[in-house]
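Each remark here refers to the structure printed beneath this line.
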Amino acid sequence: RAITGFCEKVILISHSMGGLVCRTASEVLEGRDKIVGIVHGVQPVNGAPAAYWRMKAGFEGSDSFGLVQSALGNCGPEVSAILGNIPGGLELLPNKLHRTNGGKPEWLTVTEEGRTLLALPKADPYEEIYRVKAVVKPKKGEVPSTNKYWGLVDPALLNPEKTSESEGGNEWDDLGAASYNPWPIYLDLLKIAETLHDDLSPPEGPKHHPRTLCVTGTGLDTADVIELRIESNWVRWDPYPDQCFRGFFTNAAGDDMQAVLQDPAGDGDGTVVFSSGKALEAEGRPKPGDKRLKVHHQPAYEDKAVQKWAVEAIKALAKAHFYDRRKPPAPPEE
């Protein structure tokens with residue numbers, strides 16, 4: 001204001017989860033009147049099954065040196081220890097409105113020889129998947145075993161170091177000793193994420209600013225329908241190899257089996273599945289309108305086509321605000 005003499009509102013430009021943050025500021029925290037409009041880039045509007053995949057197997061893919069995956073987490077234990085202990089990580093999971101690219105609510109499946117044995121969620125991923133303890137190995141002697149390896153979080157991964165003084169920690173780490181149970185804390189954090197999802201994406205649809213423009217990534221292998229494929233297991237023992245997950249169980253015949261997480265094979269930007277990315281698209285928006293581009297998720301705004309679209313979107317919002325300012329005030333009510 002000191003420079004221009006006139007500054008009433010802002011234009012927000014988001015990337016990925018920043019879209020959830022901007023929508024929360026506008027629609028949940030009642031900041032809409034201070035915002036001209038929002039430009040969204042590759043937003044996981046209704047969450048991303050990739051968040052589940054990564055908490056099970058680590059970050060997928062690899063750069064030329066593998067440095068990105070090494071830094072972010074190569075395996076489920078490394079990722080779950082972080083994302084399972086912060087609400088922001090859990091807020092990236094599919095919400096109750098999420099649908100696959102095929103339009104179905106069930107994005108998690110267990111299959112065997114082409115048959116689908118389990119498909120979840122039917123209605124509520126929090127109750128059906130996220131609050132289910134992932135027990136990744138069967139109970140000894142139980143035939144068939146009943147361990148739900150497909151649950152989101154293995155409780156043992158939430159406090160992996162078990163840092164009591166006797167285990168190499170210090171007096172402050174006694175909080176993580178045997179008396180400390182991280183599971184209730186995880187459930188509390190999950191409730192924070194669920195509350196935000198419910199506020200931001202109620203049954204009638206995801207809330208958003210009335211002046212919204214979106215760019216969505218497409219054309220890249222992305223986690224859409226998560227598949228755990230059942231195979232016989234003879235020698236495998238580690239459920240968490242790098243960029244993979246195996247859930248072990250015993251079938252009705254007493255055979256040792258494994259459910260192996262399959263690589264992402266849906267459409268999207270490599271992180272956000274197409275169905276979630278396009279969930280805020282609408283007809284009749286001002287030029288340049290909503291856009292779909294073959295673009296990688298993380299460096300989306302480095303793409304020249306995205307940059308061009310974003311500049312045009314900002315200009316369109318500024319123009320709309322200019323015309324709003326020129327409108328004569330409404331006559332006072334009698």
Any hit, region 312-332, residues being under 25 Å from the mean Cα position of the chain (by Cα) and either surrounded by fewer than 17 Cβ atoms within 10 Å (Cβ to Cβ) or outside any strand (DSSP E or B) (or both): no
Cβ pairs under 9 Å, 6+ apart, first in region 305-334 and free of Cβ contacts under 8 Å to residues at least 24 places away in the same chain, second assigned to a helix (DSSP H, G or I) and surrounded by 13 or more Cβ atoms within 10 Å (Cβ to Cβ): Gln307/Tyr301
Test for Thr271: is it surrounded by 20 or more Cβ atoms within 10 Å (Cβ to Cβ) and more than 16 Å from His40 (Cβ to Cβ): no
Total residues in region 142-163, condition free of Cβ contacts under 8 Å to residues at least 60 places away in the same chain and touching a strand residue (DSSP E or B) at 6+ places or on another chain (Cβ under 9 Å): 4
Number of the condition not met by Pro202 [criteria: (1) within 18 Å of the chain's Cα centre (by Cα); (2) outside any strand (DSSP E or B); (3) in contact (Cβ under 8 Å) with a residue 12 or more places away in the chain]: (3)
Residue among Gly41, Gly66, Gly89, Gly61 that alone is under 16 Å from the mean Cα position of the chain (by Cα) and modelled with pLDDT under 95: Gly89
Residue count for region 122-141, restricted to those that are touching a strand residue (DSSP E or B) at 6+ places or on another chain (Cβ under 7 Å) and either of a type outside the set (Val, Ile, Thr) or free of Cβ contacts under 8 Å to residues at least 60 places away in the same chain (or both): 4
Only one of Arg211, Arg246, Arg236 that is at pLDDT below 95, of a type in the set (Lys, Arg) and more than 19 Å from the chain's Cα centre (by Cα): Arg236
Residue tally, condition of a type outside the set (Ser, Thr, Tyr), touching an Asp or Glu at 6+ places or on another chain (Cβ under 8 Å) and open to solvent by less than 40 Å² (accessible area, probe 1.4 Å), over region 111-134: 4
Residue match in region 259-266 (condition: in a helix (DSSP H, G or I) and within 20 Å of the chain's Cα centre (by Cα)): no
Number of positions in region 231-256 that are surrounded by 19 or more Cβ atoms within 10 Å (Cβ to Cβ) and part of a strand (DSSP E or B): 5
Residue check for Leu175: at pLDDT 95 or above, on the phi < 0 side of the Ramachandran plot and in a helix (DSSP H, G or I): no
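The values are calculated or read from the model by the stated rules, or taken from the named source; none is laboratory data. Since the structure is predicted, the reported quantities are computational estimates derived from the model, not experimental observations. Cβ sites come from the backbone with ideal geometry, for glycine too, and all protein chains shown count toward neighbours. Side chains included, ligands, DNA and RNA excluded: accessible areas come from the protein's heavy atoms. Shrake-Rupley method; radii C 1.70, N 1.55, O 1.52, S 1.80 Å.
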